[in-house]
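Engineer: My questions all concern the structure below.
The values are calculated or read from the model by the stated rules, or taken from the named source; none is laboratory data. Note that the structure is a prediction, hence the values are computed from the model and not measured. Reconstructed Cβ throughout: ideal geometry from the backbone, glycine too, with neighbour counts over all protein chains shown. Accessible surface is based on the protein model in full, side chains and every heavy atom, while ligands, DNA and RNA are left aside. Shrake-Rupley method; radii C 1.70, N 1.55, O 1.52, S 1.80 Å.
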Amino acid sequence: MSERAVTMPRTWPLMWLIFWLSAAVLGFEIALMRMLLVASWHHFAFLVISIALLGFGASGTALTFARNWIMGLPRSVLLVLALAAAGSMPLCAGLAQSIPVEAKFLPSLIWRQVGCWVLFWGLLFVPFLLGASGICAALMVAREKVAAVYGANLLGSAAGAVIAPLCMFILPPAMLPFAMTLLVWIGAAVFRSGSWRVGIAGWIVSLAMVGAWPVFDRPHVRIDPYKFLAYVQRLENQNAASRIAMRHRPRGVVEAWHSDALHNLPFLGTGENPPPLSMIIIDGHPGGSVLEVTGAEDAAVMERTLMSIPYELAPPQPRVALLGEIGGTNIWLALRHDATAIDAVQPYADVVTIMRNTLGDTWGKVLEQPSVNAVIAEPRHFIEQTDRQYDLIELVTLESSSAGSGGVGGMGQDYMITVQGIEACLDGLSEYGVLFSCRGIQMPARDNIKLLATYVEALHWRGVTQPERHIVIVRDYLAVCIMVKASPWEVEEIERVRALCKSRQLTPVWFEGIRSEELNQPDSLPPPPTDEGIGDEYYYGAGRLFSPDADAFVDGWAFDVRSPTDDRPFFLDFCRVRSIGALRNAFGDLWLTRAEIAFLFVLAAMALIVVFGAALTVLPLVFLRGVRRSRGRLATAGYFAAIGLGYLLLEMICLSRLGLWIGDPVTTAAVVIASFLVFSGAGSLTAQRVRAGDFGLLRMIIALLVVLTLIVVFISPTMVEFIGGAAIWARCGAALLAVAPLGYLMGFPMPLALARLDRAAPALLPWAWGVNGFASVLAAPLATAIGMTWGFSLAAIAAAILYALAGAAFTLLPDVKNIAPGDAR
């Protein structure tokens with residue numbers, strides 16, 4: 001008997017398969033973010049989401065051509081696609097590790113590097129294409145149960161968003177794709193193919209694909225050669241470094257390394273060498289140096305760093321908050337200055353575990369000192385929740401010498417270094433307290449100019465009209481130290497700064513009453529781009545930022561030095577597209593080495609997605625008569641594009657907004673995506689009971705959705721003060737509750753329209769799926785681009801408008817009146 005005669009797959013086995021296949025596809029997406037955080041300079045969440053959704057869009061296009069074949073052999077096709085997706089996850093992830101992708105683009109290698117990136121993402125695209133094809137095929141064969149299968153898809157995806165982070169507690173990043181394969185096999189185990197030969201062949205091929213990576217290479221994550229961990233691994237290959245400990249969680253992979261070649265003590269001036277060091281490395285980045293000393297008396301080397309200057313100006317026996325302190329070096333410095341209370345705040349529980357248990361004997365058990373309190377919390381949450389007043393607050397996370405790897409780090413969001421975050425720090429200062437940061441010198445100046453602009457804006461928000469009286473800036477040849485007080489610096493304090501600059505051979509940059517003869521010496525930097533040529537770029541920038549034409553200065557600077565805010569939390573984004581021409585004129589073919597490419601990376605990804613998406617979406621119209629002759633093509637394209645863009649815009653916005661609540665980007669992604677999909681799945685299942693042509697209900701749903709979107713997006717930043725201090729489970733629960741009403745309402749528009757098309761124009765159904773997928777692909781980089789340029793509030797308004805337009809387009813979709821989704825065909 002032919003498979004066509006056997007009828008379509010039964011509903012519950014089909015839903016079981018789609019549930020687990022969807023869980024694996026979404027779990028693979030989360031796993032890639034964790035792997036990329038280790039491998040490169042950013043989790044590339046927007047690009048991972050785009051590649052995943054590109055697979056869904058391309059599957060719609062492919063299945064449009066293969067519709068007759070699928071409808072003739074539904075069970076065999078579904079099983080083969082699911083097993084192929086399962087095998088491709090570890091196989092393609094393993095092959096991608098052999099591609100030499102790099103975050104720093106070099107002019108002489110640009111085309112090779114671009115080609116490697118395209119190949120890298122092309123390999124990772126394959127599992128999503130196969131998995132999405134299985135899901136799309138299931139929707140095609142589900143007929144009157146299309147809403148139920150779509151609900152299983154959404155609920156399974158939500159399960160995958162939860163399962164993937166749980167796997168990160170027990171599996172290293174390289175093994176996560178294998179766990180996702182197991183999920184598909186669970187679903188496929190009870191799904192029967194129409195042909196036992198096809199079923200056996202599918203299982204054999206899937207097993208062979210899964211075994212290929214471990215057979216030919218040890219599963220691993222290839223580290224970008226410019227990351228610090230890659231340098232340490234090269235030392236290990238030369239028997240010059242050894243890993244002491246490693247722990248992995250969703251929050252990050254924390255490692256402790258020792259090597260006699262490590263001398264990474266930030267901003268150590270000339271003179272004595274540091275004592276032996278170990279290093280804490282987090283996701284491949286240097287987290288902190290660990291001085292192998294037995295007590296504070298052995299840490300005298302810290303007095304030769306720029307971070308010691310504020311201690312010379314602070315009250316005796318200060319109360320200190322170290323925001324982002326990981327290695328313990330700044331704790332030793334505070335102990336040397338008789339600090340009575342030291343709160344060392346950082347979010348990695350594994351760091352404290354390793355330092356107390358593994359490194360305790362080699363670094364003097366600094367966390368066990370009576371005055372030291374190791375706090376495991378997001379620094380922003382801690383400083384907003386604490387009722388303590390500090391004499392010194394250091395932003396330790398800024399102790400770095402570079403803006404990032406060619407600016408790729410500019411895509412990362414940092415809610416500590418925003419105007420609101422700095423304002424919270426100023427609120428935590430005592431009467432004579434000092435907030436300070438030390439940041440490496442970059443030329444042309446950008447990091448410290450942007451940081452200064454943020455301090456100035458935070459002071460303005462507090463009602464300070466003369467911020468120049470609240471700020472002191474000094475530097476040496478390595479770094480700049482900016483010190484800010486909630487009250488003006490007094491004359492006696494300024495004189496102490498002058499004396500310190502002379503005794504420590506520091507270069508004063510700014511304080512009230514600074515004289516021209518004090519500027520740019522003893523460590524000289526190039527003069528500013530003015531006719532006067534007084535001082536250096538930092539002095540020039542400070543003067544302009546304190547002046548009435550500060551906005552004109554910020555707009556005219558070669559790099560983007562606008563103050564980051566909670567709505568635009570991209571401190572490391574310095575890209576200014578209009579400055580590229582000037583950079584090309586100044587540096588010729590080497591301009592790319594001086595550019596900040598994060599925003600350019602986003603724009604390039606968006607341009608490629610538009611090109612591929614448009615070509616693959618229009619293709620069926622050109623070649624397929626059924627699609628070409630169907631009624632309502634333009635309305636179908638407009639409706640599904642609008643809800644695709646709107647849905648993913650809102651998801652990306654909530655990933656940012658609720659990331660301020662939760663902290664960890666991977667956990668945030670899991671919670672937000674799972675919440676959206678659980679409640680969207682519930683909405684989809686509810687949609688089964690709604691008539692396909694009930695426009696009145698859909699209009700009410702979209703109106704509520706628009707209102708809730710604006711409420712959630714604009715109210716959520718104000719809630720962090722109340723939510724940030726809660727336990728992680730409570731913060732995740734609050735995020736779930738915030739997403740729940742949005743997700744539920746967002747579950748209605750897709751299945752209602754799919755059911756309507758299934759009755760009136762079934763040939764358009766897979767094409768509509770593809771249009772929706774490609775629009776969703778565009779939404780991820782679009783949301784990132786809007787957020788980096790204008791802020792996520794504008795992206796939220798755009799999402800609300802898109803849903804309103806979708807409501808209008810619904811009335812124009814092909815219609816068969818008075819046929820409910822549950823009716824027989």
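Engineer: Using the heavy atoms of the protein chains and a 1.4 angstrom probe, tell me the accessible area per residue for region 413-495 in square angstrom.
Structural biologist: 29 Å²
Engineer: Another question, then. What are the semi-axes of the equivalent ellipsoid for the chain, taken as the square roots of 5 times the Cα gyration tensor eigenvalues, largest first, in whole Å?
Structural biologist: That gives 52, 29, 24 Å for the three semi-axes.
Engineer: Please give the solvent-accessible surface of Y744 in Å², to the nearest 10, using a probe radius of 1.4 Å with every protein chain present.
Structural biologist: Per-residue accessible area (Y744): approximately 80 Å².
Engineer: May I pose another question? Among 325-337, 551-563, 211-223, how do they line up by average Cβ neighbours within 10 Å per residue, starting with the highest?
Structural biologist: 325-337, 551-563, 211-223
Engineer: Can you give me the Cα centroid spacing of region 502-553 and region 123-149 in angstrom?
Structural biologist: When both Cα centres are located, 61 Å separates them.
Engineer: List the aspartates and glutamates whose Cα sits under 17 Å from the Cα of K104, skipping any in the same chain fewer than 8 residues away.
Structural biologist: Within the straight-line cut-off, K104 pairs with D224, D573, D589, E596.
Engineer: Same structure again: Determine, for each peptide in 109-118, 780-789, 251-260, 31-40, the mean count of other beta carbons within 10 angstrom over its residues, then list the peptides with the highest first.
Structural biologist: 31-40, 780-789, 251-260, 109-118
Engineer: Also: So if each residue of separation counts as 0.36 nm, and I subtract the Cα-Cα distance between E312 and L500, what length gain in nm does that give?
Structural biologist: This chain segment gains 66.9 nm when fully extended.
Engineer: If DNA, RNA and ligands are ignored and the probe is 1.4 Å, what is the ranking of F169, F128, F19 by accessible area, most exposed first?
Structural biologist: Putting F169, F128, F19 in descending order of accessible area: F169, F19, F128.
Engineer: So what does W185 come to for accessible area, using a 1.4 Å probe and Å² rounded to 10?
Structural biologist: Roughly 50 Å² of W185 is accessible to a 1.4 Å probe.
Engineer: Measure out, as a whole number of angstrom, how far apart the alpha-carbon centroids of region 295-321 and region 465-498 sit.
Structural biologist: Measuring centre to centre over Cα atoms gives 17 Å.
Engineer: If you rank R568, R388, R192 by how much accessible surface each has, with a 1.4 Å probe, what is the order from largest down?
Structural biologist: Listed by decreasing accessible area, they come as R192, R388, R568.
Engineer: Using a cut-off of 14 Å between beta-carbons, work out the net charge of the residues near M35 (Lys and Arg +1, Asp and Glu -1, M35 not included).
Structural biologist: Net of charged neighbours comes to 0.
Engineer: Label region 232-286 by shape, choosing from rounded, prolate and oblate, from the square roots a ≥ b ≥ c of the eigenvalues of the Cα gyration tensor; if a/c is under 1.5 it is rounded, and otherwise prolate applies when a/b is larger than b/c, oblate when it is not.
Structural biologist: Cα axes put region 232-286 in the oblate bin.
Engineer: At most 16 other Cβ atoms within 10 Å and a DSSP loop assignment: could you name the trypsin sites (Lys or Arg not before Pro) in region 461-517 that fit?
Structural biologist: Hits after loop and neighbour filter: R462, R515.
Engineer: Sticking with this one: Order T465, T11 by their accessible area, 1.4 angstrom probe, all chains in place, largest first.
Structural biologist: Highest to lowest solvent-accessible surface, that is T465, T11.
Engineer: Taking the highest mean first, how do the peptides 698-706, 756-764, 293-301 order by number of other beta carbon atoms within 10 angstrom per residue?
Structural biologist: In decreasing order of mean packing, 698-706, 756-764, 293-301 become 756-764, 698-706, 293-301.
Engineer: If you don't mind, another one. Once the other residues with Cβ under 11 Å from the Cβ of A45 are scored (Lys, Arg +1; Asp, Glu -1), what is the net sum?
Structural biologist: -1
Engineer: In terms of Cα to Cα distance under 30 Å, which lysines are near enough to K502, apart from those fewer than 8 places away along the same chain?
Structural biologist: K450, K485
Engineer: Rounded if a/c is under 1.5, else prolate if a/b is larger than b/c, else oblate: which is region 291-420, with a ≥ b ≥ c the root eigenvalues of its Cα gyration tensor?
Structural biologist: Because its axes are fairly even, with a/c under 1.5, region 291-420 counts as rounded.
Engineer: I'd like the distance between the alpha-carbon centres of region 211-259 and region 156-195, rounded to an integer number of Å.
Structural biologist: One Cα centre to the other: 25 Å.
Engineer: At 222 nm, what value in deg cm²/dmol follows for the chain if DSSP H runs of at least 4 each add -39500 (n - 2.57) and the sum is divided by all its residues, to the nearest 500?
Structural biologist: Result for the chain, helices only: -18000 deg cm²/dmol.
Engineer: Step through the residues of region 163-168 one at a time and calculate ³J(HN,Hα) from phi using the Karplus curve (6.51 cos²θ - 1.76 cosθ + 1.60, θ = phi - 60°), rounding each to whole Hz and writing x for Gly and Pro.
Structural biologist: Karplus-based 3J(HN,Hα) across region 163-168 equals 5, 4, x, 5, 5, 5 Hz.
Engineer: Rounded, prolate or oblate, given the Cα gyration tensor of region 186-247, with a/c below 1.5 counting as rounded?
Structural biologist: Prolate, because a/c is 1.5 or more and a/b exceeds b/c.
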